[in-house]
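The values are calculated or read from the model by the stated rules, or taken from the named source; none is laboratory data. As the structure is a computational prediction, the values presented were derived from the model and not from experiment. Reconstructed Cβ throughout: ideal geometry from the backbone, glycine too, with neighbour counts over all protein chains shown. Please note that ligands, DNA and RNA were not included when accessible areas were found on the heavy atoms of the full protein model with its side chains. Shrake-Rupley method; radii C 1.70, N 1.55, O 1.52, S 1.80 Å.
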Amino acid sequence: MDIDKDAEASVQRALFEQVRRHTGIAMNERKWTMLKGRLRRRVMALGLPDYRDYLQVLDTNVEEVRDFIDLVTTNETSFFRTPRIWEYLSEAFLPYWHSLETGAPLRVWSAAASSGEEAWSTAMLCEEFRARQPSFRYTIVGTDISDGILATARAGRYQGRSLEGLRLHHPALAQKYLRSDGEWASVNDALRANVTFRQHNLYALPRDFGQFDLVLLRNVLIYFDQDGQQAVLANVRRAMKPDAVLIVGESESLSRMATDFTFEQPLIYRNGRHNEERDHEHA
Ligand SMILES: C[S@@+](CC[C@H](N)C(=O)[O-])C[C@H]1O[C@@H](n2cnc3c(N)ncnc32)[C@H](O)[C@@H]1O
């Protein structure tokens with residue numbers, strides 16, 4: 001019995017280590033039942049007797065890592081998740097950014113975009129803004145570590161809860177930007193023209209992304225430990241223009257970390273250490 005327990009503990013540690021290695025996600029014993037549950041079908045589908053054999057497959061088969069990442073990531077999302085953020089974007093951020101008259105398109109990064117609802121929601125607000133300000137242009141890049149979930153994001157085709165929420169809370173936007181097809185609905189071509197998706201691990205430097213004016217990094221930092229969060233924030237910052245805005249998720253805050261972002265309002269930060277610079281100048 002004890003031997004079984006020891007064996008299970010060692011498999012558990014090894015799997016947590018694989019999760020961390022491939023995604024940066026920090027797991028502890030409380031996640032064990034969930035992780036086992038997620039991997040069980042895959043282990044059975046491969047005809048393997050147990051998780052220890054699966055670890056060997058992971059070590060020797062690069063292709064398997066892709067499926068592993070799809071299985072261990074949590075992809076929960078929805079259109080217009082956290083209403084306050086979207087109000088801020090349409091009423092404060094977009095009008096202010098447009099008033100700067102940069103002459104360039106607004107560049108938005110939906111980092112950890114999951115199945116795409118966040119990127120498409122942003123595109124809907126940008127299209128609405130463009131209807132009022134025809135000179136406004138924008139591009140949105142959605143990225144995620146999971147290739148599997150990105151396939152849904154690219155298809156832009158939804159059904160069920162995700163769609164019901166959009167239709168209930170934003171019926172006019174749903175009507176305008178989605179094409180219904182039975183139980184399903186797809187985003188229309190106006191949105192597609194400005195949104196692309198690509199695979200990216202937030203622990204890797206965003207080398208060929210260019211610089212963004214706005215980054216949505218929401219409901220993903222919670223999966224990392226503090227060192228991981230700092231590393232990811234430093235990476236993300238490298239792809240942000242000076243003064244660009246960063247938006248995090250409802251249960252996320254940068255306040256206990258040393259970063260080069262300035263708090264603007266709950267969930268909203270600006271690239272740059274404005275207060276410290278100002279304090280320094282006045283010292
Ligand atoms: C809960 S979803 C958040 C989706 C959306 N941002 C939102 O707030 O609704 C978290 C996403 O983070 C992605 N993710 C986890 N680790 C990642 C990493 N190291 N790099 C990039 N994406 C990651 C997962 O695949 C998942 O789709």
*asked:* Could you report the accessible area of Thr152 in Å², rounded to 10, computed with a 1.4 Å probe on the protein chains as they sit in the structure?
replied: 50
*For the stretch 2-72, report the convex hull volume of the alpha-carbon atoms normalised per residue, in Å³, without decimals.*
83
*asked:* With a 1.4 Å probe and all protein chains left in place, how much of the accessible area of the stretch 2-72 comes from carbon and sulfur atoms, in whole percent?
replied: 48
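Indicate, rounded to the nearest 5 percent, the antiparallel portion of the DSSP beta bridges found entirely in the stretch 83-278.
So the antiparallel bridges in the stretch 83-278 amount to around 40 percent.
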*Extension gain from Arg132 to Glu264, taking 0.36 nm per residue of separation minus the Cα-Cα distance*: 44.9 nm
*Can you tell me the 0 to 90 degree angle between the C-alpha axis of helix 62-72 and the longest principal axis of the chain, rounded to 10?*
70
_Modelling each spin label as a point 7 Å along the Cα-to-Cβ direction, I'd like the Asp243/Ala204 distance in nm, to one decimal._
3.3
_Largest-first principal axis extents, alpha carbons of the stretch 137-211, Å_ = 40, 29, 19
*Whenever you get a sec, compute what percent of the accessible area on the stretch 83-278 sits on carbon and sulfur atoms (1.4 Å probe).*
50
*asked:* Restricting everything to alpha-carbon atoms, can you work out Rg to Rh for the stretch 4-155 with a Kirkwood hydrodynamic radius?
replied: 1.15
_Virtual spin-label span in nm between Asp189 and Met34, 7 Å along Cα→Cβ_ = 4.2
*So what is the 222 nm mean residue ellipticity for the chain from helices alone, if each DSSP H run of at least 4 adds -39500 (n - 2.57) and you divide by all residues, rounding to the nearest 500 deg cm²/dmol?*
-14500 deg cm²/dmol
*Give the peptides 239-249, 117-127 in descending order of average Cβ contacts within 10 Å, highest first.*
117-127, 239-249
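Below 8 Å, C-alpha to C-alpha, sequence gap of six or more: please give me the relative contact order for the chain in percent.
16
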*Stretched out fully, how many nm does the piece from Gln175 to Asn61 gain, at 0.36 nm a residue minus the Cα gap?*
36.5 nm
_Solvent-accessible area per residue, Å², over the chain with all protein chains present [probe radius 1.4 Å]_ = 53
*Asp227 versus Ser10: modelled label distance in nm, points set 7 Å from Cα along the beta carbon direction*: 2.4
_Solvent-accessible area of Ser253, probe 1.4 Å, all protein chains present, reported in Å² to the nearest ten, please._
60
